[in-house]
1. Can you tell me the relative contact order of the chain? Whole percent, Cα pairs under 8 Å, sequence separation 6 or more.
2. Using a probe of 1.4 angstrom, how much of the accessible area of the range 17-156 is carbon and sulfur, in percent?
3. With +1 on each Lys and Arg Cβ and -1 on each Asp and Glu Cβ, and nothing else charged, work out how big the dipole of the chain is about its Cα centre, in Debye to the nearest 20.
4. Please give, to one decimal in nm, the separation of the simple spin-label points placed at residue 117 and residue 7, each 7 Å out from Cα toward the Cβ.
5. Between residue 103 and residue 47, how high is the FRET efficiency from 1/(1 + (r/R0)^6) when r is the Cβ-Cβ distance and R₀ = 41 Å? Nearest 0.05.
6. Among (1) 1.01; (2) 1.23; (3) 1.04, find the value of Rg/Rh (Cα atoms, Kirkwood Rh) that was calculated from the structure presented, and write down its label.
7. Using the Karplus equation 6.51 cos²θ - 1.76 cosθ + 1.60 (θ = phi - 60°), what ³J(HN,Hα) coupling, rounded to whole Hz, does each residue of the range 106-111 give in order, writing x for Gly and Pro?
8. Run the simple label-point estimate for residue 66 and residue 126 please: 7 Å along Cα→C-beta, distance reported in nm.
Amino acid sequence: MHLIGIDELTRVLQLSISPVALISGVGLLLLSMTNRLARTIDTIRELSNEMDTATPLQAENITLQIRIIYKRSRLLQASITLASVSVLCTGMIVFCLFAIYALHARLYVLVLWLWGVGLSALVASLALFVHDVTLSLAALKHEVGNVVGGLHGRPF
């Protein structure tokens, strides 16, 4: 009986490796997202300080930049929240796996539900993250267009 317990425990540990690897990967994504969020916050503060000495045309451009960057900040906030929900669900899956093993709890439906919610949250988080990257390129295009005199859809 003791060997059967070790075999079962080994299986539970093997099953928990995939969710733990997912948590590690999402942790790296969260690091990238929080760094991007910090940069947007710093940039908005810098641009807000420039408004004091800006000409009306410069102020209009700065205001547009602030709006885009603020929208990016909101996207990143939502993306970070969804990625965190994904990590939370994945951690709960590991907990449920051990509860199934140790307590013989019937949590199979809960595990499937948590997996679905966690994966959906991760996909939505990544979609918002890609949208943030797209907006940052739009802001860059606007800024470069002001410097060069307008790109009008032409490639760099």
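1. Relative contact order comes out at 28 percent.
2. Its accessible area is 68 percent carbon and sulfur atoms.
3. So the dipole magnitude of the chain works out to roughly 260 debye.
4. Label at residue 117, label at residue 7, 3.5 nm between them.
5. 0.15
6. Computed from the coordinates, Rg/Rh (Cα atoms, Kirkwood Rh) corresponds to (2).
7. Computed from phi, the couplings for the range 106-111 are 9, 10, 5, 5, 4, 4 Hz.
8. Once both label points are built, they end up 3.6 nm from each other.
The values are calculated or read from the model by the stated rules, or taken from the named source; none is laboratory data. Small disclaimer: the values here were computed from a predicted structure and weren't measured. Neighbour counts are summed over all protein chains in view; Cβ atoms, including those assigned to glycine, are modelled from backbone coordinates with ideal geometry. Accessible surface is based on the protein model in full, side chains and every heavy atom, while ligands, DNA and RNA are left aside. Shrake-Rupley method; radii C 1.70, N 1.55, O 1.52, S 1.80 Å.
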